[in-house]
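*Asks:* Quick one: the structure is below, questions incoming.
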Number of protein chains: 2
Amino acid sequence: MSQHIVVIGGVALGPKAACRFKRLEPGSTVTMIDQSSLISYGGCGIPYYVSGDVSDAKELCTTSFHMVRDPKFFKEVKGIDVQILTKATKIDRENKQVEVENATTGEKASLSYDKLVIATGASPRKLGLPGEDLKGISYVANPDDALRIREGISKGEVGNAVIVGAGFIGLEMAEAFADMWGVETTVVEITDQIMPRLVSPALATMGQKHMEENGVTFHFGEVVEGFEGEDGKVTKVITNKRTLDADAVIIAAGVVPNSKIAEEAGLNCHQLGGVFVDEFMRTNDPDIYCGGDCAIVKNLITDQPAFLPLGSMANRQGRVIGNNLAGGETRFDGVVGSFVVKLFETSMAGTGLSLDSAKHAGFDAISVLLIQLDRAHFYPTKELMTLEMTVDKKTRRVLGVQGFGSSGDAMVGRINAVAALLKSEPTIDDFSNMELAYSPPFAAAMDILNTLANLADNALRGINRGVGPDGFQELWDKRETSECFFLDCREHSDAEKPMERNPEHWHNVPQGEIYNRLNEIPTDKPVVLVCNTGARSYEAQIMLDEKGYENVINVHGGMAAIKKYGVNV
Amino acid sequence: MSQHIVVIGGVALGPKAACRFKRLEPGSTVTMIDQSSLISYGGCGIPYYVSGDVSDAKELCTTSFHMVRDPKFFKEVKGIDVQILTKATKIDRENKQVEVENATTGEKASLSYDKLVIATGASPRKLGLPGEDLKGISYVANPDDALRIREGISKGEVGNAVIVGAGFIGLEMAEAFADMWGVETTVVEITDQIMPRLVSPALATMGQKHMEENGVTFHFGEVVEGFEGEDGKVTKVITNKRTLDADAVIIAAGVVPNSKIAEEAGLNCHQLGGVFVDEFMRTNDPDIYCGGDCAIVKNLITDQPAFLPLGSMANRQGRVIGNNLAGGETRFDGVVGSFVVKLFETSMAGTGLSLDSAKHAGFDAISVLLIQLDRAHFYPTKELMTLEMTVDKKTRRVLGVQGFGSSGDAMVGRINAVAALLKSEPTIDDFSNMELAYSPPFAAAMDILNTLANLADNALRGINRGVGPDGFQELWDKRETSECFFLDCREHSDAEKPMERNPEHWHNVPQGEIYNRLNEIPTDKPVVLVCNTGARSYEAQIMLDEKGYENVINVHGGMAAIKKYGVNV
């Protein structure tokens, strides 16, 4: 039985659903409409075009083998009819028609469908502030924005750039400005860290420090109140704390699902926007599917509605919809929320819940932070990687892992391995024994992911009790007034430098000598143990516990974390 | 209750079990014995010391922070008594004693235990051939071997090296000889491919070609029959087909578990060696644990006994034993068989079963091969990755994934994500929707792992029917006599070169033009479709199917695979 499918939206999910369906039912017809003239582009590539990593904006609109994905391509290669510059104005569910309007001529028409796919995506959130329509203020939404921004920079018109928002796109754009073009780049963020709620304050600070070292300035806890300009072009950004010079402004304050047309058609939508779909990506109208940046799916860890606008989600969901349009019963159960973002020579990645989001979702959770080499310690390309694991205290369930490090692929690989297990409610033990492929050039014999789970196990057993670098900073900041005894338990040669800098605060007893030098370690004050990464200080903690010490704090991540976090010891 | 634990073997599992136990029960005592004077070394690092990647052999015996792991270290830092040069000669289970003998003095003694850990490891398999004891013939077992081999090379004494065996260690040693030292290196392998049964012939050939391009010579299906020498030093390797000059010979023909002492004590052992253990790593004597290279665990895919001698296994199992010695009930359920090996600028990795091993285990399976970019096609550091997935036809269960590629960490990351799911009997659909962290520098929007599962889905649906590069080679080899119609369905500019080389065999109709040029494509012979990677030719196959063509073969991996496999088209 031949069907006619209409797809509203031609960027990511729309084309994927259309092409998959067409391959399964070559005898059926598909009409895909888009209000713009640009379709099927890789919007996620925009920061890399702006930075110059991608030399030609056309590459964002081509296949892997350089074929331009335009209406002609879709017709000839995919057998799909595309109508560009065509805006859907109304969905008439009763008559199974979409009313459309030509964006150039204003001409109206209607398209009948057997089944409909809503793939309207999302739009950048506008701030609604005075001066927001000045020239030079951009949102990162489509290749036209990319062209305009890069043209401005490459002409030398941009000396100062201000980015509003320290989420993925804000940080990627900050790197693009600062790295390749040497533009003075400032990020203004309303919360007190980069990537709020996605990663812990400790990881966020490590990422922030690295970006600062590469020339990006951050202002946290600061609200943009408006923009000023000259001759219609932006020159200043006004915040609640200061005025910043700006020749270019990027507003990266999140995106809003384009679900108005669905809502007006009476489809179930989230109060903040976005269309609810079931596990088959179907709306509450069985003939209408929805996916990608305009859909609300399920978070498989919290069972709460999730909005995860990512090109990867759109592609996977698009295939599911394609299958189901053709009579399949393919499921998309939901998401665990994996992400990665490149920050100059480092990257930040994660999956599942951070400690903050776990608490927010009602879990009684803790997190542990580990720094370890990502491959055999004797292999020359080894790098330190930092991972943090959030676990539910009572059930030992692993809720999420996030990381920061310089070897991006290696870290993303670990995050993906965690994500693969997350929806099956794994416990710490599943990660202690996780089978990671081993060879010295690629992993340590006890992989960092195994050790991370072991650390969580030891924390829950109460035998490795400690704080991360942020907790250490608090203790260190109070060093003049508090009674803490800061004990460096590395060999003397390693401990020498901090002791020279702060002789009145640092003490040194190598872990192997602790039993013989107990008289040097006070029993009546908190002992804060530090080594290189937290492993030897954990051994020291066990020794002191054995000898009856009652208030011993191990610094997880040790000096390596302290340094990356930026505490001046 | 304080216990005394005896550990036989001090290389990987032994120290891990001992240290973990000691941290959980600091009041108990542990005696670890080893017949050699070298303990706790990273044997897996030997090829990298021979190659020069690791400059000092001491690094194989130190911690991440350069502390030498000798008996003094274990005593002071870990609280463990180590007796080196002490060989265990008998386990007296009735009296719970281990009889030992000093390797230097011959002095005998016995050690009482509450619980015992057998961590005797494995030894290189000896061939028992004439001349095998000549100088210059080495096994890769411990740092002494490493020192001797590297000394020979660095003195310029090695012009020709012969490696017996094309498994992990053989290939790693071949790279070490050829890459850093420019030694003429020949590998003799009894089967007809590298890494037999671990990877498919197609992947194996890709790896082999890459090693050949880097100067390694291979002789497959060849049996070494003996060695000849002068002045007690090896000069020739005699095979059933030829005589090879050799100044150095590495025998890398697998390892044999050192389980004789366990067998003599009446513990359950495999007929080919190795001690059977349960999911708590306990032997059939509840007071005796065993793990690492001398233990037999369970393959979680086949439910058959598995022997997987890897340092990573030893470390993970060691911790499990440490927990259980201290009264825990930590499980080690078994293995799925993950591996990775670096081959010059590429690597080969995998997990679970290859098609060959799946068939051997009784599955009715197929495999599909995919080549795709490992990150966004517009991102400059993108590389092609080849992955092969084996699936059970009836249940759609994924049995394994193997891969070959140049971006090692990125590939290993995918393999680890697959491994994480394998023991839960995942189906193709679990991988179609697998949530891999997405950002253009790290992944494509539809990640290669998602596409691989989609390819398997399409193969099982019968809509993408094809062969890998090995199957194409067979068809191409018969091109003069068979009736195959070789159709390059790329754009003309891409198809031009092969058409110039073989004008009588190649035909070109770009996929988008197929419906208009059907008269150029015969209906009465097999049509073999080729494009860049197999994606467009799949679209072409659907078009030809739609038009009633009955014998269409799609070449999975396309020209990219054909090239890596080395077919001369």
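*Asks:* Counting partner chain Cβ atoms within 10 Å of every residue's Cβ in B:39-45, what's the average?
*Replies:* Counting other chains' Cβ atoms within 10 Å and averaging over B:39-45 gives 3.
*Asks:* If contacts are Cα pairs under 8 angstrom and at least 6 residues apart, what is the relative contact order of chain B in percent?
*Replies:* That works out to 11 percent.
*Asks:* Do me a favour and compute the ellipsoid semi-axes for the stretch A:1-150 from its Cα gyration tensor, root of five times each eigenvalue, largest one first, whole Å.
*Replies:* 29, 21, 12
*Asks:* Let me ask something else. Based on the mean of other beta carbon atoms within 10 Å per residue, what is the order of B:471-477, B:516-522, B:314-320, most packed first?
*Replies:* The most tightly packed comes first, giving B:314-320, B:471-477, B:516-522.
*Asks:* Let me ask something else. From Cα pairs below 8 angstrom and at least 6 apart in sequence, can you work out the relative contact order of the stretch B:137-253, rounded to a whole percent?
*Replies:* Rounded, it is 33 percent for the stretch B:137-253.
*Asks:* If the viscosity is 1.567 mPa s and the temperature 4 °C, what Stokes-Einstein diffusion coefficient in µm²/s follows for chain B when Rh is the Kirkwood radius over Cα pairs?
*Replies:* 50
*Asks:* In nm, what does the list of distances from A:T217 to its counterparts in the other copies look like, shortest first, when each label sits 7 Å along Cα to Cβ?
*Replies:* 6.6
*Asks:* Same structure again: Pairs A:K16/B:K393; A:K209/A:K525; B:K359/B:K393: which are spaced more than 21 Å apart, C-alpha to C-alpha?
*Replies:* A:K16/B:K393; A:K209/A:K525
*Asks:* Sort A:323-336, A:63-76 by the packing proxy (mean of other Cβ within 10 Å over each peptide's residues), most packed first.
*Replies:* A:323-336, A:63-76
*Asks:* Search the structure for amide H atoms under 5 Å from the amide H of A:V117, placed 1.01 Å from N in the peptide plane, and list their residues when 5 or more places away or on another chain.
*Replies:* Under 5 Å from the amide H of A:V117 lie the amide H atoms of A:V6, A:V7, A:I8, A:Y289, each far enough along the sequence or on another chain.
*Asks:* What ³J(HN,Hα) values, in whole Hz, does the Karplus curve 6.51 cos²θ - 1.76 cosθ + 1.60 give for the stretch B:556-566 when θ = phi - 60°, with x put for Gly and Pro?
*Replies:* Taking θ as phi minus 60°, the curve returns 5, x, x, 4, 4, 5, 4, 5, 5, 6, x Hz for the stretch B:556-566.
*Asks:* Eigenvalues of the Cα gyration tensor times 5, then square-rooted: what semi-axes does that give for the protein assembly as shown, in whole angstrom, largest first?
*Replies:* 51, 41, 26
*Asks:* Placing the label point 7 Å from Cα along the Cα-to-Cβ direction, what are the distances from A:R197 to the equivalent spots in the other copies, shortest first, in nm to one decimal?
*Replies:* 5.2
*Asks:* If I stretch the segment between A:E513 and A:D81 completely, what's the gain in nm (0.36 nm per residue apart, minus their alpha carbon distance), one decimal?
*Replies:* Computed gain between A:E513 and A:D81 is 147.8 nm.
*Asks:* While we're on this one: Amide H to amide H under 5 Å from A:M281: which residues, 5+ apart in sequence or cross-chain, H placed 1.01 Å off N in plane?
*Replies:* Long-range HN contacts for A:M281: A:F332.
*Asks:* Taking θ = phi - 60°, what integer Hz values does the Karplus form 6.51 cos²θ - 1.76 cosθ + 1.60 yield along the stretch B:61-72, in sequence order, with x for Gly and Pro?
*Replies:* Coupling constants for the stretch B:61-72: 10, 10, 7, 4, 10, 6, 8, 6, 8, 10, x, 4 Hz.
*Asks:* On a 30 Å Cα-Cα criterion, which of the cross-link pairs A:K87/A:K135; A:K478/B:K78; B:K72/B:K115 come out too long?
*Replies:* From the list (A:K87/A:K135; A:K478/B:K78; B:K72/B:K115), the Cα-Cα distance tops 30 Å for A:K478/B:K78.
*Asks:* Moving on to the next point. Pop out the ³J(HN,Hα) list for the stretch A:32-39 in order, Karplus 6.51 cos²θ - 1.76 cosθ + 1.60 with θ = phi - 60°, rounded to Hz; leave Gly and Pro as x.
*Replies:* 3J(HN,Hα) across the stretch A:32-39, in whole Hz: 10, 10, 8, 6, 9, 9, 9, 10.
*Asks:* Taking the DSSP beta bridges in the protein assembly as shown as the whole, what percent of them are antiparallel, to the nearest 5?
*Replies:* The antiparallel proportion sits near 55 percent.
*Asks:* Summarise the partner chain shielding of A:417-425 as one whole number: the mean count of Cβ atoms from other chains within 10 Å of each residue's Cβ.
*Replies:* That works out to 5 on average.
*Asks:* Antiparallel as a % of all DSSP beta bridges within chain A, to the nearest 5?
*Replies:* 55
*Asks:* OK, next. Once you have all Cα-Cα distances for the stretch A:401-440, histogram them in 5 Å bins from zero and send the whole-percent values.
*Replies:* For the stretch A:401-440, the pair-distance distribution reads 6, 20, 29, 26, 15, 4, 0.
*Asks:* Sorting check: for B:175-186, A:407-418, which peptide has the highest mean count of neighbouring beta carbons within 10 Å, and how do the rest follow?
*Replies:* Answer by packing, highest mean first, reads A:407-418, B:175-186.
*Asks:* How far is A:K525 from the same spot in each other copy, in nm, shortest first, if each label point sits 7 Å from Cα toward Cβ?
*Replies:* The projected label point of A:K525 is separated from its counterparts by 9.1 nm.
*Asks:* Rounded to whole angstrom, how close does the nearest chain A beta-carbon get to the axis mapping A onto B, and which residue is it?
*Replies:* Residue nearest the A-to-B axis, with distance in whole Å: A:G413, 1.
*Asks:* Further, regarding this structure: If the limit is 20 Å between Cα atoms, which of A:K58/B:K382; A:K22/A:K298; A:K126/A:K233; A:K22/B:K547; B:K96/B:K260; B:K298/B:K342 go over it?
*Replies:* The answer is A:K22/A:K298; B:K298/B:K342.
*Asks:* Between A:A109 and A:E483, what length in nm is gained on full extension when 0.36 nm per residue of separation is reduced by their alpha carbon distance?
*Replies:* Contour length minus Cα-Cα distance gives 126.9 nm.
*Asks:* Would you list B:K233, B:K22 from fewest to most Cβ contacts within 10 Å?
*Replies:* If I rank by nearby Cβ atoms, fewest first, I get B:K233, B:K22.
*Asks:* May I ask for the Rg/Rh ratio of the stretch A:476-569, computed from Cα atoms with Rh as the Kirkwood radius, given to two decimals?
*Replies:* Ratio of gyration radius to Kirkwood radius: 0.92.
Read the figures in this text as sums done on the coordinates, not as results from a lab. Small disclaimer: the values here were computed from a predicted structure and weren't measured. Glycine also receives a Cβ, built like all others from the backbone with ideal geometry; neighbour counts cover every protein chain displayed.
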